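The values are calculated or read from the model by the stated rules, or taken from the named source; none is laboratory data. Predicted, not measured: the structure shown is a model, and the values here were computed from it. Cβ sites come from the backbone with ideal geometry, for glycine too, and all protein chains shown count toward neighbours. With ligands, DNA and RNA removed, areas are computed over all heavy atoms of the protein, side chains included. Shrake-Rupley method; radii C 1.70, N 1.55, O 1.52, S 1.80 Å.
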Amino acid sequence: MSEDRFERGWRRITEIDQPGAEAFRDGVEGFAPDLYRDTVEFVYGDVLTRPGLDLKTREIATVAALTALGNARSQLRFHIHGALNVGCTRHEVLEVISQMAVYAGYPAALNGISVARQVFEEQDSGKQS
């Protein structure tokens with residue numbers, strides 16, 4: 001059962017952002033293998049594969065939540081890439097981040113806009129780090 005969850009999760013995380021998923025694997029698996037496996041299995045294998053919301057909706061909701069948190073820049077970066085990869089437009093990403101100014105404050109929204117700008121610039125230059 002566990003391996004099925006992992007495989008399902010790995011398929012989902014790479015569907016969202018393959019280069020980002022590989023960077024996550026390379027940076028976390030060897031250092032914190034239990035956290036790596038738990039993240040892939042639970043977050044991506046269980047939660048993000050549930051029926052009820054399509055992946056585009058899940059990604060835009062994740063961008064909103066991570067923007068509101070204000071302290072998860074690398075995860076926000078991954079999920080902005082992911083949102084764009086699964087069909088969100090740049091305008092939709094900017095709108096959801098801007099809306100967070102009302103609910104999470106202007107500093108959180110401005111930090112989110114800063115991350116979005118970096119992602120857009122990476123895409124425009126053909127690079128993703």
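Every listed requirement among (1) free of Cβ contacts under 8 Å to residues at least 24 places away in the same chain; (2) surrounded by 14 or more Cβ atoms within 10 Å (Cβ to Cβ); (3) polar (S, T, N, Q); (4) more than 18 Å from GLN123 (Cα to Cα) is met by ASN71 save one, (2).
Evaluating ALA101 against the criteria (1) surrounded by fewer than 15 Cβ atoms within 10 Å (Cβ to Cβ); (2) at pLDDT 95 or above; (3) over 16 Å from the mean Cα position of the chain (by Cα) leaves one unmet condition, (1). Close contacts from the range 81-107, counting a first residue that is farther than 25 Å from PRO19 by Cβ and part of a helix (DSSP H, G or I) and a second that is open to solvent by 30 Å² or more (accessible area, probe 1.4 Å) and modelled with pLDDT under 95, with Cβ to Cβ under 8 Å and a gap of 6+ residues or different chains, come to ALA104/GLY70; PRO107/GLY70. Inclusion of TYR36 among residues that are of a type in the set (Ser, Thr, Tyr), open to solvent by less than 30 Å² (accessible area, probe 1.4 Å), closer than 26 Å to LEU94 by Cα and in a helix (DSSP H, G or I) is not warranted. In this structure, is GLU29 of a type outside the set (A, V, I, L, M), more than 19 Å from PHE120 (Cα to Cα) and in contact with a Gly (Cβ under 6 Å, 6 or more places away or on another chain)? Spelling it out, it is not the case that GLU29 is of a type outside the set (A, V, I, L, M), more than 19 Å from PHE120 (Cα to Cα) and in contact with a Gly (Cβ under 6 Å, 6 or more places away or on another chain).
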